[in-house]
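Reviewing the structure listed below.
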Amino acid sequence: MIDIRLIRTNPEQVKENIKKKFQDEKLVLVDEVLALDKQLREAIAQGDALRNKRNVVSKQIGALMGQGKKAEAEAAKAEVAAIGPQMAEWKEKQDTLSAQIRERMLVIPNIIDDSVPIGKDDSENVEVERFGEPVVPEFEVPYHIDIMERLNGVDLDSARKTSG
């Protein structure tokens, strides 16, 4: 899977790579990942802010109790209790966004090495190296289904009866 930092820093390189692979339908994924990543970073920041607020207020509770300000301490406890569900919401949002990003990232192709020639199909492949010459047997090579039937590895008649 491609590194999201590359998409963040150089989305045009990723898009150009997708074009080189003739997979233009995947170009939108780069923009989607960028938008989702921005939302994820905001959700993480919001969750961190809530966590920090909870920690600050929690520390205040002890100080207020030590000063004998029970009413204010109870209000602070209620505030801390209210932060918990908000944090859970932001955590769920983070998990959802992370899953959506991962889903798209798995489809975005890896970067092609500069040494790889670009071609639409195997007819445009470039032979780089060859080891020996291809061996052509002196007999006719049987089709794989014929071999399986001779070895009783498949019963095509039964297969046709059940599928038809």
**Most mobile listed residue (M87, M105, M148) in the chain, GNM with C-alpha springs under 10 Å** = M148
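Under a 1.4 Å probe, what is the accessible area of the range 23-161 per residue, stated in Å²?
For the range 23-161, the per-residue accessible area is 77 Å².
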**Request:** Name the lysines eligible as straight-distance cross-link partners of K120: C-alpha to C-alpha under 28 Å, and not fewer than 8 places from it in the same chain.
**Result:** K15, K19, K20, K21, K26
**Complete:** Looking only at lysines whose Cα falls under 26 Å of K91's and that sit 8 or more positions away or on another chain, we get K38, K53, K59, K77
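Apply the membrane-span-like helix rule to the chain: whole DSSP H runs, Cα extent along the own long axis of at least 18 Å, mean Kyte-Doolittle hydropathy at least -1.0. List the helices found.
27-66, 70-105
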**Asked** Carbon and sulfur: what percent of the chain's accessible surface (1.4 Å probe)?
**Response** 52 percent
**Complete:** Extension length gain for E92 and E124 (0.36 nm per residue less Cα distance), in nm, is 6.8 nm
**Message:** Quick check: convex hull over the Cα atoms of the range 1-153, volume per residue in Å³, rounded to an integer?
**Reply:** 252 Å³
**Histogram of C-alpha separations across the range 6-75, 5 Å bin width, %** = 3, 15, 14, 11, 8, 7, 7, 6, 6, 6, 6, 5, 3, 1, 0
**Item:** Segment M1-L27, extension gain: residue separation times 0.36 nm, minus the distance between their alpha carbons
**Value:** 7.8 nm
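The values are calculated or read from the model by the stated rules, or taken from the named source; none is laboratory data. Everything numeric here is computed off the predicted structure, so don't read it as measured data. Note: accessible area is taken over every heavy atom of the protein model, side chains too, but ligands, DNA and RNA are not part of it. Shrake-Rupley method; radii C 1.70, N 1.55, O 1.52, S 1.80 Å.
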